[in-house]
Amino acid sequence: MSDRWIMLLAVLAPMLCGFVGLLVPSRLALGRTLVMVVGMALSFVMLVSVGVRDEPSGWSYLPQLGIDFYFLTVRLGRFFALLVTGMGTLIAA
């Protein structure tokens, strides 16, 4: 799987697991929390697996208008992404 798909899944994993967690009945609070923590932990693991790249990777979204969608994984951005997902996982757990 290419880095751009991993990055897209890392961005979408907490949101998708959050929506799935809302579908879990409220009487199963532990199950709801577990689903959301798994989403954040999955995002953290995906961000760790993607290396730091100097060139962007992404897609041409609307080439007629010159609008593109790219991920650029520089060291500082990756550090803060790992910091946010790691602390979010620890707080939610």
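The values are calculated or read from the model by the stated rules, or taken from the named source; none is laboratory data. As the structure is a prediction and not an experimental result, all values here were calculated from the model. So basically every Cβ, Gly included, is an ideal-geometry build from the backbone, and we count neighbours across all protein chains shown. When the accessible area is computed, the model is the full protein with side chains, heavy atoms only, and any ligands, DNA or RNA have been set aside. Shrake-Rupley method; radii C 1.70, N 1.55, O 1.52, S 1.80 Å.
Observations, loosely collected:
- Taking every protein chain into account, the accessible area of the chain amounts to 70 square angstrom per residue (probe 1.4 Å).
- Highest-MSF residue in the chain out of A81, A13, A29 [GNM, Cα springs under 10 Å]: A29
- Over the chain: helical MRE at 222 nm, DSSP H runs n ≥ 4 each giving -39500 (n - 2.57), nearest 500: -22000 deg cm²/dmol
- Rounded tilt (10° steps) of 29-49 against the dominant C-alpha axis of the chain: 30 degrees
- Nearest 10 degrees, 0 to 90: helix 3-23 Cα axis against the chain principal axis: 30 degrees
- Note on L30 and V74: the model spin-label points, each 7 Å out from Cα along the C-beta direction, lie 4.5 nm apart.
- Listed residues L12, L42, L62, most fluctuating in the chain (Gaussian network, C-alpha, under 10 Å): L62
- Crossing angle, helix 75-92 versus the chain [Cα axis fit, 0-90 degrees, rounded to tens]: 10 degrees
- Rolling a 1.4 Å probe over the protein heavy atoms of segment 1-60, with every protein chain left in place, gives an accessible area that is 74 percent carbon and sulfur.
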